[in-house]
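Structure record follows, encoded as structure tokens.
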Amino acid sequence: MYTTHVWNKFSLYWPKIIITSFIFLLAFSYTAKAQQKGKTSTILNLPNFDKKKFHYGFQLGFVSSPVGLDPSENAFQINGTDTTAVYITPQTTASFLLGFLMNIKLSDDNHWHLRISPNVSFYSRRFTIDSLGYNLPSSDDIIIDPNRDLVQLQSNTSLEIPIMFKYQSKRRKNHRLYLLGGLTPSFTVATKQESTREEFWITLKEYNLSFTWGFGMHIYNRMFCLSPEIRISHGLLNVADPVDTSLYMHTVDAIRLHKISFIINFEG
């Protein structure tokens, strides 16, 4: 419903960086592969890697977490000739994650796997609250509310446990593509708020559940398997927490947290 600050609201800048970085890694990988094309043979790295039932590793990632916010009817109120409107614009800044992963082979043909990757994610969000009052019949002058342009900075530390099925293609020398899909439960373990007054806070629930899907590529090196991937998560639950102490949470109908991640996995 909000039409202002569209670029910041959907956090378009970080997804571009993530996708560009992933394409750069793919191009670099295929360039290295093309350089070996003229050779009579290619060294097969980690030939016994796919024979193992379990794989372990660690991961680090760069995250953009767009916030989907739906205003309620209370955001627009008409009292006689006076109309007031509250606009809450969510923005995201650079976030990142650190975690571990466990990969379990499910089929003998080595196509289906179960991938569990618990991680700790560090999010940073910014909410800007604009309160505007209009006197419709008399003039078009905008009366600025004293609480206009309130800014709230919110930092969240979350424990996430993505549980996903992975389908991977056949190995082509030292490369293999794969797809991911599953669910990601998350728990907020710490929250830090920065605002002029506690009454202006936009509060979120501690628990969330997301549908996660993505794609990536295994690059077999001599010592480990490098797996860059892109994940996209869609928040399934309404995480808006309508506490009585907040002056503005009654103007919010629903908040859903989404995520676009560029993750680099190191598997051994």
Set Lys51/Lys259; Lys192/Lys259; Lys51/Lys173; Lys53/Lys166; Lys52/Lys173; Lys105/Lys259 screened for pairs whose C-alpha atoms are more than 24 Å apart = Lys51/Lys259; Lys105/Lys259
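Count charges around Thr93 for me, please; just the other residues with Cβ under 11 Å from its Cβ, Lys/Arg as +1, Asp/Glu as -1.
+2
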key: Projected-area mean, region 218-268, by convex hull of Cα positions, square nanometres   = 5.4 nm²
message = So if each residue of separation counts as 0.36 nm, and I subtract the Cα-Cα distance between Phe215 and Ile116, what length gain in nm does that give?
response = 34.1 nm
task = Mind checking the full-extension length gain between Ala94 and Phe76? Use 0.36 nm per residue of separation minus the Cα-Cα distance, one decimal, nm.
result = 3.3 nm
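Semi-axes of the equivalent ellipsoid of region 45-117: what are they in whole Å, largest first, if each equals the square root of 5 times a C-alpha gyration tensor eigenvalue?
52, 15, 8
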request  = Mind giving me the FRET efficiency for Arg126 and Leu159? R0 is 25 Å, r the Cβ-Cβ distance, nearest 0.05 is fine.
outcome  = 0.65
request  = Arrange the following residues from fewest to most other Cβ atoms within 10 Å of their Cβ: Asp130, Asp50.
outcome  = Asp50, Asp130
key: Net +/- balance of residues flanking Arg231 in space, Cβ distance below 13 Å, scoring K and R +1, D and E -1   = +1
message = What percent of all Cα-Cα pairs in region 176-254 falls into each 5 Å bin, going from 0 up to the bin containing the maximum distance?
response = 3, 13, 15, 14, 13, 11, 9, 8, 6, 4, 2, 0
ask   = Tally Lys and Arg at +1 and Asp and Glu at -1 over the other residues with C-beta under 12 Å from the C-beta of Tyr56: what net charge comes out?
value = +2
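Since every read-out is calculated from the coordinates, none of them should be taken as a lab result. If you're wondering where the values come from, they're calculated on a predicted model, not measured in any experiment. Every residue, glycine among them, receives a Cβ derived from its backbone with ideal geometry; neighbour counts consider all protein chains shown.
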